[in-house]
1. Restricting attention to segment 388-405, does a residue exist that is free of Cβ contacts under 8 Å to residues at least 40 places away in the same chain and closer than 21 Å to ASP586 by Cα?
2. Show the residue pairs that are 6+ apart or on different chains and have beta-carbon atoms under 6 Å apart, the first residue being within segment 359-383 and in the same structural domain as ASP622 (by TED's automatic domain parsing) and closer than 20 Å to ALA613 by Cα, the second being surrounded by fewer than 12 Cβ atoms within 10 Å (Cβ to Cβ) and of a type in the set (Gly, Ala, Ser).
3. Are any residues in segment 626-651 over 40 Å from the mean Cα position of the chain (by Cα) and surrounded by 16 or more Cβ atoms within 10 Å (Cβ to Cβ), and if so, which ones?
4. Exactly one condition in (1) buried (at least 24 other Cβ atoms within 10 Å of the Cβ); (2) not in a strand (DSSP E or B) is not met by THR499; state its number.
5. Residue by residue through segment 161-201, note down the ones that are surrounded by 23 or more Cβ atoms within 10 Å (Cβ to Cβ), among the aliphatic types (A, V, I, L, M) and in contact with a Gly (Cβ under 6 Å, 6 or more places away or on another chain).
6. Condition first: in contact (Cβ under 8 Å) with a residue 60 or more places away in the chain, β-branched (Val, Ile, Thr) and touching a strand residue (DSSP E or B) at 6+ places or on another chain (Cβ under 7 Å). Now tell me which residues in segment 111-153 satisfy that.
7. Identify, please: which residue in segment 79-97 is crowded, with 16+ Cβ neighbours inside 10 Å and within 26 Å of CYS40 (Cβ to Cβ) and is, among those, farthest from the chain's Cα centre (by Cα)?
8. Determine whether ASP663 is farther than 30 Å from LEU505 by Cα and outside any strand (DSSP E or B).
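The values are calculated or read from the model by the stated rules, or taken from the named source; none is laboratory data. Owing to the predicted nature of the structure, the values given are computational and were not obtained by experimental measurement. For neighbour counting, all protein chains shown are included, and Cβ atoms are generated from backbone atoms with ideal geometry for every residue, glycine included.
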Amino acid sequence: MFDDCVTPRTTTCGRHRQRVSFLLINSANVMSALETLKVCDLLMVIAPVSAHEPSAVVARCLPTLKALGIPQTLLALRGLDDVKQAKRQEVKKAMLNIVATELQIPTDRVKTLPATSRAEFTELVRQTVELRGETPRWRGQRPYVLAHRREIIPDVSDDRFATVVVEGYVRGVPATASQLWHLPGVGDFPVVKIESIAEPAQARANAVSRNDAAMEGNEVLMTWTRDANIAQEVMRENQPDSMAGEQTWPTATELQLAELEAKRKTRPAGMSDYQASWLLDANEDGNANEDADDADDATMDDAPGDDTFGAEAEMREGGADIAEDGESDEEWVNAGGDDEDEVDLETRRNLDMAERDSNKRAALQDAENEDMKFPDEMDTPAHCVARDRFAKYRGLKSFRSSPWDPKESLPYDYSRVFAFENFKRAHKRALQVQEEDSVGGAQIGTYVRITIAGVPRIGLGVGPSWSGWVGGAGPVVLSGLMQYESCLSLMNYCVTKSTYYDAPLKSKDPLWFHVGFRRERAGPVYNTDNLGDKHKLERFLRARSPTIASVYAPITYGPAPVIGFKESFTSHGIKVDLCLTGSVRDANPDRIVLKRVILSALPFRTHKHKAVARYMFHNPNDIRWFKPLELWTKYGLRGKIVEPVGTHGRMKCVFNNVIHQHDTICATLYKRIYPKFAASEQHAHAAT
C-alpha cells in the first residue's frame, strides 16, 4: 500500500463515507517523523504483543514527537489471537500502559484494538474513521496542504529559478491565492494560481472506470488567481533610509579644528588630496579596532567556545576544505586518488570536526559551571582602561524601577525588523482579514494544485534532508501565511531546556528552530521571564527553568509550538539533538535584555563602616570615573566610593553598617544586548 514515508496514501471508505489519508512515520529519520506528526490528526501505533519496550530506532524519535505533542492515539495489537483467552485482557492492559508511559499521555487517550483477523481489521478501519481528534489551534488558524504530488519545473528563461507545483488536500482553513505561502526550507512566496482538480482515482468513492487514472490532474474544476489589489507582498526585511537620520550641522569651531587636522595629515608622494582623505591614520585605525572589540563583546566573548554559523554551514554543504595546524590536503590524500581515499578523507574530516566539537563542549561546560558558582562576575582587565572596556555599560539604581529608553542607541540591524504597536490587536486583525479573504477560496477538503513561480533553484537543491527541505527525505507541507507573517521581527519564545539534552546551551549559539510549520536557523538570546520592562541576560539556558529566547525570525502568531535542535559533529557527519521546547510568546523589538557584569573587590583594611578595597580597578582615574556607582557586598551591605587611595587602584569606601574582612565588595554594570542574525540573513542583506 505504501511506496515510501513521504507521499500519503488517500482512500475513501464508501461504507462510512469518509476520506482517510495514511502516512507512515519514518522512525529512522527524526525530522521526517516530526514533519509527519505536524499534520497528523490520529496516531496509530502498531505493536506486537511480545514487545515490552520500543525499538532503539523508535526510542530515538520519541522525545521529539512528545515535544510537539501526541494527538489522539489508537493502539493496534498484532498477534493477540496467539494469547490465551484468559490472559488477553491482562496483555491488552499491559501493552496500553507501556504505550501510555512511553508517549507520556494518559491511558484514556489511547484506544486499544486487536489487529490480526479480517474482522478485526474491519473494526479497526471503522474506529479509525469514527475516532476524531482535536485539531491544534496553531494548525486550525492557517491553511496547509500535505503534498500528495510535487514537481519542480526549471524556468526556461532563467535557469536560476524554478516553478514548484504541489498537489494535495486543503486543510485547516480555506486557502486563497492572495495570501503568501511558505515553502519549507526555502522561504515565502506568492502563488501564481490555485486550481481545484480531480482527486486521485484511489481517493474517489465512485472510481469504477479504468479511465479514472487518466483524469487525474487533467480536469480543472475551478481556478483562483492572484489579485494584485488585495494580495500580500513578500517583505521579509524593512528597507531603511540611511539618509533619513537626524544630523547636526558642525559649529564654526569644529570646522576650524577639522581643517587643522586635515593639514596635519601627511600625504604619500604622488597621491592627490582626495585620495589621501580616504586613508586612515593611526588614531582612526585604533578607533576601528576598539569598535571591533566592542562588537566582539556584544557577541559574548566572555565565555569560551563561541559557535559560528559559517563553519557549520560549510561542513553541511560539503564545500569546505578543512586544513588545520599547517596540514594541507595533499598530506591527507594518497597519490592514487581512488574512491577509498575519498572516503578516508571524508572520515578524517568528520573525526577532526568531531574532536573540535568535543573540545568546544568541554570549554562551554567549564564556563557554565563557573557561571553557576559566580554568576555574572568578571575581573577587570589589567591591560586596558576600565572606562574604555565598559564604555557601553551603565549602572542602575534599581533594576526594577530605573528607566531605560528602548529606542536608545539601537543597532543598525534593528532598522531591518518590523514592530507592532499592539501585537494582540495585529493578530486579531490578521484573523479577520483571513476570514474575509477565504470566503471565496478553496474550501477544506478540496483537492488542489498550487503553482509557485520564481523559486530559487539553489534553495531547492541544497540543504540537509533533516532540515525540512523540499528535496529532503520527509513529507512536504505547504502552509499559508497570515497578514505580516512574512515580515522579520524580534520574536520571543518561552522555552525550557529538554531533559534529554545535557550539554550546555550558550546564548547566541546557532540552533534550528521549528516554529509551527516553519524551520528557521537563528542565534537566540536567553533572558529571564519576569513582569518588568527589563530582563536579565542568561548566559546559558538552565535546566528546568522557563526562559525567554529572543531571536530575529519571521513573525508567527501564537499559539504555536517551538522546538529547538542543536547540531553536533560525529565521525559519521552531522547529527541533530533536541535541546529545547516551548511556545511563541510575542513579537516585540522593544524588549530590553540587559547583560549584567559584576565587578568585585576585596577589603584591604577595614574600620567600622569604612574600608580600603583593591582589585576592582587598577588606576585612580577609573575609580573617579566609576565613583557614582553604588556598591554592595555579599553580606547585604550598601555603600559608595569615597576617593582613590594611591596609584595602584585602591579606593576608600563607606558602607551603611560594619564591614568585615571576609566580605566581598561588588559593583554592578548593565549593557543592552541584541540577538545575532543567522549567516543566511547576513548574506542576503549584504547582497542587497
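1. Scanning segment 388-405, I find at least one residue that is free of Cβ contacts under 8 Å to residues at least 40 places away in the same chain and closer than 21 Å to ASP586 by Cα, so the answer is yes.
2. Listed by first residue and then by second, the contacts come to nothing, as the list is empty.
3. Across segment 626-651, the qualifying residues are LEU637, GLY639, ILE641, PRO644, VAL645, GLY649, ARG650, MET651.
4. THR499 satisfies every listed condition except (1).
5. Matches in segment 161-201: ALA175 only.
6. Of everything in segment 111-153, those that are in contact (Cβ under 8 Å) with a residue 60 or more places away in the chain, β-branched (Val, Ile, Thr) and touching a strand residue (DSSP E or B) at 6+ places or on another chain (Cβ under 7 Å) turn out to be VAL125, THR128, VAL129, VAL145, ILE152.
7. Ranking the qualifying residues of segment 79-97, first place goes to LEU80.
8. The answer is yes for ASP663.
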